[in-house]
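Report on the structure given below.
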Amino acid sequence: VAAQNCRKRKLNAILNLEEDVCNLQTQKESLKKEHSQHSRSISRMKQKLNNLYRDIFSRLRDDQGRPVNPCQYVIHCSSEGSIFIIPKHLVKSEQKQDNAKEQKQQ
């Protein structure tokens, strides 16, 4: 009787594990689909942002009325909501300074 009960417990444990594996496989497939949807959504947002960026730069002019070169400038939005056009070389140096400050704080 003890051996029979042991075999039943073992069989129940195996069945529970098989059910867990099946549930985890279903969950994995669901997460894959969700990840794929999010990736597509991010790609669409990136494309829209790129289009907006190009549209903004196509309309910008410097003091002499010449188009602003998007290869030399970036659009920067401050936390207060202000928008600036900044030369790329300044942004890179600011990022280096910010990274250095973060490393010192750590």
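The values are calculated or read from the model by the stated rules, or taken from the named source; none is laboratory data. Since we're looking at a predicted model, the values are computed, not measured. Counting neighbours? That spans all protein chains shown, and the Cβs are built from the backbone with ideal geometry, glycine included. Only protein heavy atoms, including side chains, enter the accessible area calculation; ligands, DNA and RNA are left aside. Shrake-Rupley method; radii C 1.70, N 1.55, O 1.52, S 1.80 Å.
Dimensions of the range 1-52 based on its C-alpha atoms, expressed as ranges along the principal axes with the largest first, amount to 75, 8, 5 Å. Here the chain exposes an accessible surface that is 54 percent carbon and sulfur, computed with a 1.4 Å probe and the other protein chains kept in place. For the pair Ala13 and Asn51, label points projected 7 Å from Cα toward Cβ lie 5.9 nm apart. Using heavy atoms of the protein chains and a probe of 1.4 Å, the accessible area assigned to Leu17 is about 110 Å². Maximal additional length on extending the Ser58-His89 stretch stands at 9.1 nm, based on 0.36 nm per residue less the C-alpha distance.
Remark: the chain carries 92 Å² of accessible area per residue (probe radius 1.4 Å; ligands, DNA and RNA excluded).
Rounded to the nearest 20 debye, the dipole magnitude of the range 1-59 is 220 debye, with +1 charges on Lys and Arg beta carbons, -1 on Asp and Glu beta carbons, and the Cα centre as origin. Taking a Cβ cut-off of under 12 Å around Leu60, the surrounding Lys, Arg, Asp and Glu residues balance to a net charge of +1, with basic ones at +1 and acidic ones at -1.
Under the rule of -39500 (n - 2.57) per DSSP H run of 4 or more residues, summed and divided by the residues of the chain, what mean residue ellipticity at 222 nm is obtained, to the nearest 500 deg cm²/dmol? Mean residue ellipticity at 222 nm (helix-derived): -26500 deg cm²/dmol.
Sum up the charges of everything whose Cβ sits under 13 Å from the Cβ of Asn69, counting Lys and Arg as +1 and Asp and Glu as -1, but leave Asn69 out. Around Asn69, the charge tally is +3. Size descriptors for the chain, from the alpha-carbon set: Rg then Dmax equal 28.4, 97 Å.
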